[in-house]
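Working notes, structure below.
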Amino acid sequence: MSYREPSPAERAWLARAVELARLGRGAVEPNPRVGAVLLAGDQWVADGAHRAFGGPHAEIEALAASKGAPLRPDTLVVSLEPCSATAGKKTPPCTAAILAAGIRRVVVGALDPDPRHRGEGLAQLAQAGVEVVLEPEGGALFARENAPFLRQLKSDRPHVVLKWAMTLDGRVATVSGDSRWITGEAARADVHERRAYADAVLTGVGTLLADDCRLDARLSRALPRAAPWRVVLDADLRTPPTAAFVALADERAAIYAASDAAPERAAALRARGVDVRCAPRAATRGVALEPVLRDLHQRGIRRLWVEAGPRLAAAFFDALLVDRVCAYVAPRLLGSASAPGPLEGALRLRMDEALALEELGVERCGDDLRIEGALRRAAPGERP
Ligand SMILES: NC(=O)c1ccc[n+]([C@@H]2O[C@H](COP(=O)([O-])OP(=O)(O)OC[C@H]3O[C@@H](n4cnc5c(N)ncnc54)[C@H](OP(=O)(O)O)[C@@H]3O)[C@@H](O)[C@H]2O)c1
């Protein structure tokens, strides 16, 4: 079915719906973020957003907010196609609520990318006589704003963000392994904020041994929901039971080890509340990443924040398991060629073999810079 394109005024309301959708950031995933605006003609009546996983959808929130308003809404502007399915849900679909509220025009930012529902909600509304307006270019914006949701639709692993902090000359630690601290307080607080929005924070045992890190989000101003899982990849269970990571005892600490790791080490860690899980050994070093990511996905981890040292970070890259990079760059220089860089990975001899980032974001965090972007996926037959 084809629908009319939005007018400039309708596009402006769609931009507001996308802004509202961002209110759900960190709290709705792996659901999509959705925002909605109700209008009477071209007059604003009420706003709504999907704010929490399992909570009301944006359309329902906006309809509830419009009760008692002086104007009766006739138009819904919503960043994503309204849901139309009843299967497995406790509440009726949004399409039913929209029709029951007497809405006559629905302006939609993007089709539901789930092939099981795609277009179904709009078809139901159109069949009931509602004027449906669809932004034809809205899919790309929706994809940028909802990467974990799309990753979940496409694969059985979490969306992976790889973070590192480095000096301006590209070093993540000194030659002696000291990396505390490369960046200033504002950047470190920002990292904790990002950790808090993840379902799990993961590192390698090399970092745990060097930094005695906890991987928690204690500097975050507000945890939007349960604290993230803390995960270490440690094939031979070299993690000391006295490590700060273990001592935190928040019942959300997991270590992936090889199945032939010393059972007494596993027992000592389990006795302190760590969830020791088994994974196959990787061909080169440590545990195999794909089975670990599949297992995390099965346990509900959709957004994975990786803060690894150069070896594990490179393994994620070489296995093409990174969706996004977030690098903090400090205005400091170590001036030492033998100090490690962020990725100790595969040799690339030509610039056209370099992995490219797109949708770049650059922000100041105190004296440091945060540079982030999504890994550009190579088209078939193209170099990475
Ligand atoms: N500036 C930053 O952003 C930053 C961040 C993190 C770390 N660092 C620094 O990096 C240094 C530590 O570097 P690192 O490279 O040793 O740390 P790492 O990459 O965090 O840990 C490496 C270890 O992880 C284990 N591992 C498990 N599965 C793996 C896999 N599939 N591939 C690779 N490794 C796997 C391996 O030990 P097993 O074989 O024993 O399992 C490996 O030796 C420290 O100086 C730390 O301060 C800096």
Residue 144 vs. criteria among the basic types (Lys, Arg) and away from the ligand (no atom under 16 Å from the Cβ): yes
Meets criteria (within 30 Å of residue 115 (Cβ to Cβ) and either of a type in the set (Ser, Thr, Tyr) or touching a helix residue (DSSP H, G or I) at 6+ places or on another chain (Cβ under 7 Å) (or both)) for residue 219: no
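Here is a yes/no grid of residues against (1) free of Cβ contacts under 8 Å to residues at least 60 places away in the same chain; (2) farther than 20 Å from residue 162 by Cα; (3) buried (at least 20 other Cβ atoms within 10 Å of the Cβ):
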position: 234; (1), (2), (3): yes, no, yes
position: 239; (1), (2), (3): yes, yes, yes
position: 246; (1), (2), (3): yes, yes, yes
position: 249; (1), (2), (3): yes, yes, no
position: 253; (1), (2), (3): yes, no, yes
position: 258; (1), (2), (3): yes, yes, no
Listing of strands (runs of 3 or more DSSP E) fully contained in the stretch 280-376 that carry 3 or more residues being near the ligand (Cβ under 10 Å from one of its atoms): 324-330
Pick from the stretch 112-128, criterion free of Cβ contacts under 8 Å to residues at least 60 places away in the same chain and of a type in the set (Gly, Ala, Ser), ranking: nearest to residue 59 (Cα to Cα): 121
Checklist (1) among the polar types (S, T, N, Q); (2) in the same structural domain as residue 103 (by TED's automatic domain parsing); (3) out of contact with any Pro (no Cβ under 9 Å at 6 or more places or on another chain) applied to residue 124, failing item: (3)
Among (1) under 28 Å from residue 247 (Cβ atoms); (2) hydrophobic (A, V, I, L, M, F, W, C); (3) outside the structural domain of residue 202 (by TED's automatic domain parsing) - the single one residue 312 does not satisfy: (3)
Selected residue (only one of 292, 276 is in contact with a helix residue (DSSP H, G or I) (Cβ under 6 Å, 6 or more places away or on another chain) and at pLDDT 95 or above): 276
The one condition in (1) farther than 25 Å from residue 233 by Cα; (2) crowded, with 19+ Cβ neighbours inside 10 Å that residue 310 fails to fulfil: (1)
Filter result (touching a residue at least 60 places away in the same chain (Cβ under 8 Å) and more than 18 Å from residue 139 (Cα to Cα)) within the stretch 4-28: 25, 26, 27
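The values are calculated or read from the model by the stated rules, or taken from the named source; none is laboratory data. In this text, all values refer to a predicted model and were calculated from it rather than measured experimentally. Using ideal geometry, Cβ is built from the backbone for each residue, glycine included, and neighbour counts are taken over all protein chains shown.
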